[in-house]
Amino acid sequence: MSKNEWPLWEIFIRGQHGLNHRHVGSLHAPDAEMAICNARDVYTRRNEGVSIWVVRSNDITASSPSEKGPLFEPANSKVYRHPTFFDIPEEVGHM
Amino acid sequence: MGAAIEAVDRAAYADWLQRVGDNALILGHRVSEWCGHGPALEEDIALSNVALDLIGQCQLWLGLAAEVEGKGRSADDLAFLRDAGAFRNVLLVERPNGDFAQTLMRQFLFDAFHIELLRALGKSTDLRVAEIAAKAEKEVAYHLERSADLVIRLGDGSAESHARMEKALKSLWAYTGEMFLDDATDQALAEAGIAPLPSSLKSAWDETVTAVLAEATLAHPGQSWQHKGGKQGIHSEHLGFLLAEMQFLQRAYPGASW
């Protein structure tokens, strides 16, 4: 088993029609079809989903934690990007 | 549904329901023996799901069997308090798990039969039978998809997995014929329109099995001598050991519940 480990797959499940697929976890499987079967058995036992996506973990390109500063910090000082500067008329109520 | 019951001998009907229920119970128990021992976490969970589906189905079938029998027994009584000679499952489902190949091949050969039986039972003249079959059919369609997928992947896999699947197929093949044998009970149920004749399911089964084995690059064993007897209560020695484990608690502590 350790010599020939199945590849890892990331599993995305859509809970209800209209909602986005959400990452729920990962599992091992020999190929995409079996990954869907395994995902059905591991992640939808309690009626959680209406649709399953699987993708090889290797095929995901992730941002690197060491680049966190340059990637995300510049946005901190740009408060004007948040729509918090509008006066909302009282008649509109809670938004 | 009252008419369907009147149209058939009560004892024959109860007997037939036990055949369907016992197939699910015994295979469900066999598969549950893998729980905690699967070759991978994912397989372990998948096998346990299949076992749970089958045991859930057996509850419904044996519940109806007890009702039709009308002797005040429950599904639990039938499952846990009958001896081997009173079980009506086919010999295939009591075959030991062996290795993963043997377990999967047994599952596939049975699933391919099970789905045809349940599809036909969906048209039963007894509504209760049709309703149980409709629920079970969805579960079994998935069992078949999964077991067929794995038979293909392991048959057409490495030299080692191919050899193991080939060996499993050879050792189990002689237990497949019994699923399609008709006897007096089957005739009575078919005449009442409650169930199909087992022999009428053979050609669809052949088609599925031939196609999957070809894709799995496994040699079709063809015609050969076949075991029989399980449906009449004549079982292999393996069933006794299975029941000893499955029934231990109720036998040692009668009426225990939680």
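Looking only at the stretch B:60-100, residues that are touching a Gly at 6+ places or on another chain (Cβ under 9 Å) and under 23 Å from B:Asp9 (Cβ atoms) come to 16 in all. Per the listing B:Asp126, B:Asp77, the residue uniquely farther than 22 Å from B:Leu181 by Cα, buried (at least 24 other Cβ atoms within 10 Å of the Cβ), among the acidic types (Asp, Glu) and over 14 Å from the mean Cα position of the chain (by Cα) is B:Asp126.
Residues of the stretch B:80-93 that are surrounded by 14 or more Cβ atoms within 10 Å (Cβ to Cβ) and among the charged types (D, E, K, R): B:Arg82, B:Arg88. Taken as a whole, the condition of being within 20 Å of B:Trp61 (Cβ to Cβ), part of a helix (DSSP H, G or I) and of a type outside the set (Asp, Glu) does not apply to B:Thr210. Could you tell me whether B:Ile55 is surrounded by fewer than 19 Cβ atoms within 10 Å (Cβ to Cβ), within 14 Å of chain A (Cβ to nearest Cβ) and of a type in the set (Val, Ile, Thr)? Taking the combined requirement at face value, the residue does not satisfy it. Filtered by the rule that a residue be modelled with pLDDT under 95 and more than 14 Å from the chain's Cα centre (by Cα), the stretch A:8-26 gives A:Gln16, A:His17, A:Gly18.
Among the residues of the stretch A:26-33, are any in contact with a Gly (Cβ under 8 Å, 6 or more places away or on another chain) and surrounded by 17 or more Cβ atoms within 10 Å (Cβ to Cβ)? No, because not a single residue in the stretch A:26-33 is in contact with a Gly (Cβ under 8 Å, 6 or more places away or on another chain) and surrounded by 17 or more Cβ atoms within 10 Å (Cβ to Cβ). Residue selection: A:Ile11 fails the criterion of being over 21 Å from B:Pro39 (Cα atoms) and touching a helix residue (DSSP H, G or I) at 6+ places or on another chain (Cβ under 8 Å). Considering (1) out of contact with any Leu (no Cβ under 8 Å at 6 or more places or on another chain); (2) free of Cβ contacts under 8 Å to residues at least 12 places away in the same chain, the lone condition that A:Val24 does not fulfil carries the number (2). The residue of the stretch A:15-73 that is farthest from the other protein chains (Cβ to nearest Cβ), among those that are out of contact with any Ser or Thr (no Cβ under 8 Å at 6 or more places or on another chain) and among the hydroxyl-bearing types (Ser, Thr, Tyr), is A:Ser66. Examine the stretch B:19-38 for a residue that is within 14 Å of chain A (Cβ to nearest Cβ) and surrounded by 21 or more Cβ atoms within 10 Å (Cβ to Cβ), and state whether such a residue exists. Yes, some residue in the stretch B:19-38 is within 14 Å of chain A (Cβ to nearest Cβ) and surrounded by 21 or more Cβ atoms within 10 Å (Cβ to Cβ). In the stretch B:146-194, the qualifying residues are those that are β-branched (Val, Ile, Thr) and away from chain A (no Cβ under 14 Å), and the one that is surrounded by the fewest Cβ atoms within 10 Å (Cβ to Cβ) is B:Thr185.
The values are calculated or read from the model by the stated rules, or taken from the named source; none is laboratory data. This is a predicted model, so every value here is computed, not measured. Using ideal geometry, Cβ is built from the backbone for each residue, glycine included, and neighbour counts are taken over all protein chains shown.
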